[in-house]
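See structure below.
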Amino acid sequence: MDKQNNKLTEQQSKFHQQDNKSRPRGAFIVIIVALSPVIFYLYKSFPDDPIWETSFFTLSTGYGSWFNFAWYICSKLVPLLLFLIWFFTCKHWWHWIILVPIGMYSFQLWNILQQNKTVDEVELIYILPMMMVIVPFVYLIRAKLFEKIRGDDLKQFEEDLMENKSFWQQVKDLFR
């Protein structure tokens, strides 16, 4: 009985050590998520002029005004930040699919920083190849997991893929 209590105490102390290590990181993530609306509305503090002059610097932008430029940046940076937090803290098997919106927002932000005038227009060209790799990869992970859970063999899975099914039947199969 005494050995069991010692073992339990060791496990509890390991748990508390891990918990103490993750607290600052968790607090930092909570603060970022809580401040995300404030970060998003930072664009309102930028001037509505194409040239921003202060006693330290003078900057110009090609977006008509710094207000517009800051709005574009904030509208891409905040969702990208939240998706990155979600991706790195998610423990589910499907978290790899979050890379698709992360890639989309990254390409859009890069396009804005390059000061291209075609904001939110050409990113689909870059995202489609990424989706062609990630989506089948995630579905394959799902198939392997469900094979282990339900004991299905992959031949039956391949036969299911080859069947002609209606849209609603395919949706129902996703949740079986």
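Coordinate-derived values only; no laboratory data. All of these numbers come straight from a predicted model, not from anything done at the bench. In this analysis, Cβ positions are derived from the backbone assuming ideal geometry, glycine residues included, and neighbour counts consider all displayed protein chains.
How big is the convex hull of the Cα atoms of region 67-145, per residue, in Å³? Present the calculation step by step, with values, prior to reporting the outcome.
Working: hull volume 5.6 nm³, N = 79.
Enclosed volume per residue, from the Cα hull, is 71 Å³.
Report ³J(HN,Hα) in whole Hz for each residue of region 94-105, in order, from the Karplus equation J = 6.51 cos²θ - 1.76 cosθ + 1.60 where θ = phi - 60°; Gly and Pro get x.
Computed from phi, the couplings for region 94-105 are 8, 5, 5, 5, 5, 5, 5, x, 4, x, 4, 5 Hz.
So who's got an amide H within less than 5 Å of the one on residue 52, skipping anything under 5 residues away but keeping other chains? H placed 1.01 Å off N, in plane.
59, 60
Cross-link list 76/172; 91/155; 44/76; 91/165; 91/144: which exceed 24 angstrom alpha carbon to alpha carbon?
Working: 76/172 34 Å; 91/155 29 Å; 44/76 15 Å; 91/165 32 Å; 91/144 17 Å.
The answer is 76/172; 91/155; 91/165.
Could you sort 47-59, 70-82 so that the peptide with the highest average Cβ count within 10 Å comes first and the rest follow in order? Don't jump to the answer; show the numbers that get you there.
On the way: 47-59: 10.5, 70-82: 18.2.
The packing order, highest mean first, is 70-82, 47-59.
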